[in-house]
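To start, the structure itself, in structure tokens.
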Amino acid sequence: MFVQLYLSQWREFARDRMALFFTILFPLIFISIFGLLYGGGSKFDEKVGIVLEDQGPIGPQLASAIEGLTQTPEGQDADKNVFSDMKFSRGNASDLESQLQKGDLQALVIIPAGLSESITSGQPASVTVKVDQSSQVFAPFFQGVVDSIVQKVDQGITQSKPMLTMQVQSVLSSQIRGIDLLIPGILAMSIMQLGLFATAQPMIAMRTQGVLKRFNATPLPRWMLLVSYVAMRLTIGLLQTIIIIAVGKLMFDVAILGSIVALLGWLLLSILMFIAIGFFVAAIAKTEESGNAITQLINFPMLFLSGVFFPVTGLPDWLQVVVKAFPLTYTVDSLKQVMINAPPINTPMINFVVQLGWLVVMTVLSIRFFKWEAR
Amino acid sequence: MTAIQVENLVKIYGPLRAVDGISFDVAKGEVFGMLGPNGAGKSTTTEMIEGLRKPDGGSIHVLGHDVLKNVEPIKQRIGIQLQTTSLFQKLTTRELVKLFASFYKNTLPVDEVIGLVNLEEKVNTASKDLSGGQRQRLAVAIALINDPDIIFLDEPTTGLDPQARRSMWDVVSNLQKRGKTVFLTTHYMEEAERLCDRVAVVDHGKIIALGKPQALIHDNFDETALEFSNDEQLPESLLATLPGVERVQNENGITTIYSKGVARTTNALMALVEQQQTELRGFTIRAATLEDVFLKLTGRRIRD
Ligand SMILES: Nc1ncnc2c1ncn2[C@@H]1O[C@H](COP(=O)(O)OP(=O)(O)O)[C@@H](O)[C@H]1O
Ligand SMILES: [Mg+2]
């Protein structure tokens, strides 16, 4: 009976053109559009200022290493170097600072006076990077890149070797394009919408139309109905995400820098979490209309405040509270980390625990409040 | 042996006693009907017997099992057609019957039950594309898949056109021939009279009459009904004085005269009409029906 139930739900789903469209085709169209927009061609063309106040040897080396980002090493595809269109300018601190304020520069690297001196005398010294937070895509990656350059230089010092051999292009984030950034977001969006539209709404419909009641009139155990329902959604979720990744890979050669197993693990966790959230919505919504309202109420804010389309690091503090409360934030963050080594917002442990927490709490509450009949 | 035993059943919804102390027995092989207007408590009673709703009082035994203690053993042996059955929209007739077949230990062949309800031509039609009557028959097919001892049909013909209704009556008659116990609800007195061995007439959650349809009619009436509508409304008091007249009832502009002497009453009525220079519209002479029983007992018609 489990097999029959599972198959029946598949047929019901596969014969529903709208459902197919939203779960499979819609994300693909999304990818294609963004792929074409951001695909091979799009590059960072931001302007960056460098303030070199250090009189010693290390400062200039750092500065030229950063400026060297625009150069593509021999044998590599220049199209893949996203920094090759960037413009660098040097100047004094107050000039460049005001340019950054006006938005003429998007980032500023300040190499302070006495940097080399203090390092050679064994004192730690730091390079300051100021980025314009309104360049949401550029900012975190530029920070990451400068950070890695500084680390390279630093390693060079401890080994007391010349630092001219730096390979800036080997920094992973320099390979990241818009589409690579977007795929984790699209995955997260699809998973959330699976929970909301493909889990909550059909379940509410089954209750209000009396389908659940009819099943309850048979010897079919209730748990089996629910398990087959979840199994079916889990299959759709995995299928949907795998298709998105596969198409992204085949059409746009998107990055998957982490391990596939880890990626599948994170996908599984977030799919289960959103199915549980969907069940909770189905448990508390009495009618299909209120179900619709609740799903939209969850869908929109999460879509825009969880880092699906743009990074959340630049949002004001009071919004950060909201961002932190949204489970989708943790999905997006975990997927970005595993797929493109994005600068983490949370540690993997936090991403795991928070999502597992949502999964457990939502499951418990769903069981507590679930109703089998409309009235 | 009794198939269903219900004693002093009560269901309360807020201030409403939806089922208010109902008791009856249904014998094996019997077609038992509950006849009553909308809101009388038919579905509530039926679903309590099926184990789908919890009563607030009373006891229910189905095939000797106490339903309130444990419905599970009974579920294998009863077939249920709910008042409104909604199933997966995009599955075909055969797929749906097959799905429900998978829930039961013993089942009839899928094509056999589809044949029992005459849906052979629609086996590959999605349930959303079936007509009302076909969907209702599909619901009955699903109720029959486990070859149940008792079949519950909650208003199986409501909303169907006359042809579809007759088709459903054939299905029920065939079930009776196969020795099945059928429990059905209806608000069509004609359906109750034609299909049921015994009928419980219900109103406001109470049984107001119980017995064989013909016996119920005879117990309440040895009169014949004369029915007509009349714009001037010949006064009831005047009609009551006509020879042979037992009772006069006036409802929704339709006057019903119950008479023990049809010839005498008719003649006198016609003379009265002549004399008053009025007209009767839709004048009929008919035997009393369950509708008349309901009218007599409640002062209202079953359908309004
Ligand atoms: N779940 C419920 N909650 C509140 N009232 C109900 C519920 N189910 C039925 N009722 C009320 O109980 C009465 C009997 O309903 P029902 O058994 O469906 O009547 P019938 O099937 O004879 O038309 C009606 O007045 C109906 O509104
Ligand atoms: Mg009813």
field: Residue pairs meeting the criteria (Cβ under 8 Å; at least 6 apart or on separate chains; first surrounded by 14 or more Cβ atoms within 10 Å (Cβ to Cβ) and at pLDDT 85 or above, in the range A:301-325; second of a type in the set (Ser, Thr, Tyr) and in a loop (DSSP other than H, G, I, E, B))
entry: A:Val323/A:Ser306
message: Among (1) in a strand (DSSP E or B); (2) within 16 Å of ligand 2 (Cβ to nearest atom); (3) surrounded by fewer than 18 Cβ atoms within 10 Å (Cβ to Cβ), there is one condition B:Asn38 misses while meeting the rest; what is its number?
response: (1)
query: If you go through the range B:65-101 one residue at a time, how many are more than 10 Å from chain A (Cβ to nearest Cβ) and closer than 21 Å to A:Arg15 by Cα?
result: 3
statement: Residue hits (the range B:192-212; in contact (Cβ under 8 Å) with a residue 60 or more places away in the chain and of a type in the set (D, E, K, R)) are B:Glu193, B:Asp197, B:Arg198, B:Asp203, B:Lys206
field: Of the criteria (1) within 16 Å of ligand 2 (Cβ to nearest atom); (2) modelled with pLDDT under 95; (3) buried (at least 17 other Cβ atoms within 10 Å of the Cβ), which one B:Gly159 fails
entry: (3)
Subset tally (residues that are surrounded by fewer than 15 Cβ atoms within 10 Å (Cβ to Cβ), out of contact with any Asp or Glu (no Cβ under 6 Å at 6 or more places or on another chain) and part of a strand (DSSP E or B)) for the range B:1-24: 5
query: Mind checking which residues of the range A:197-231 are more than 12 Å from every other protein chain (Cβ to nearest Cβ) and surrounded by 22 or more Cβ atoms within 10 Å (Cβ to Cβ)?
result: A:Ala198, A:Thr199, A:Ala200, A:Met203, A:Ile204
- request: Scan the helices (runs of 4 or more DSSP H) fully inside the range B:197-297 and keep the ones with 2 or more residues being under 30 Å from B:Val19 (Cβ atoms).
  value: B:213-220
field: Hits in the range B:41-53 - residues which are more than 13 Å from the chain's Cα centre (by Cα), near ligand 1 (Cβ under 8 Å from one of its atoms) and assigned to a loop (DSSP other than H, G, I, E, B)
entry: B:Arg53
message: For the range B:252-270, check the following and say yes or no: at least one residue is within 16 Å of B:Phe228 (Cα to Cα) and basic (Lys, Arg).
response: no
task: Give the residues of the range B:37-59 that are in contact with a helix residue (DSSP H, G or I) (Cβ under 7 Å, 6 or more places away or on another chain) and at positive phi, sorted by residue number.
output: B:Gly51
query: Could you list, in sequence order, the residues of the range B:176-188 that are buried (at least 23 other Cβ atoms within 10 Å of the Cβ) and either among the hydrophobic types (A, V, I, L, M, F, W, C) or on the phi > 0 side of the Ramachandran plot (or both)?
result: B:Val182, B:Phe183, B:Leu184
- line: Every listed condition ((1) within 16 Å of ligand 2 (Cβ to nearest atom); (2) of a type outside the set (Ser, Thr, Tyr); (3) touching a helix residue (DSSP H, G or I) at 6+ places or on another chain (Cβ under 7 Å)) holds for B:Ala164 save (1)
query: Give me the pairs: first residue in the range A:1-19 and touching a residue at least 24 places away in the same chain (Cβ under 8 Å), second residue buried (at least 17 other Cβ atoms within 10 Å of the Cβ) and polar (S, T, N, Q), beta-carbon distance under 8 Å, and six or more apart or on different chains, which are they?
result: A:Met1/B:Ser102; A:Phe2/A:Ser228; A:Leu5/A:Ser228; A:Leu5/B:Ser102; A:Tyr6/A:Ser228; A:Gln9/A:Ser228
message: So, in the range B:158-172, how many residues would count as being among the hydroxyl-bearing types (Ser, Thr, Tyr) and either away from ligand 1 (no atom under 14 Å from the Cβ) or more than 15 Å from the chain's Cα centre (by Cα) (or both)?
response: 1
query: So which residues in the range B:101-131 are crowded, with 19+ Cβ neighbours inside 10 Å and among the polar types (S, T, N, Q)?
result: B:Ser127
Residue in the range A:333-350 that is surrounded by fewer than 20 Cβ atoms within 10 Å (Cβ to Cβ), within 12 Å of A:Ala188 (Cβ to Cβ), at pLDDT below 90 and not assigned by TED's automatic domain parsing to the domain that holds A:Phe34 present: no
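The values are calculated or read from the model by the stated rules, or taken from the named source; none is laboratory data. Because the structure is a prediction, the values reported are computed rather than measured. When we count neighbours, we look across all protein chains shown, and the Cβ atoms used for this are built from the backbone with ideal geometry, even at glycine.
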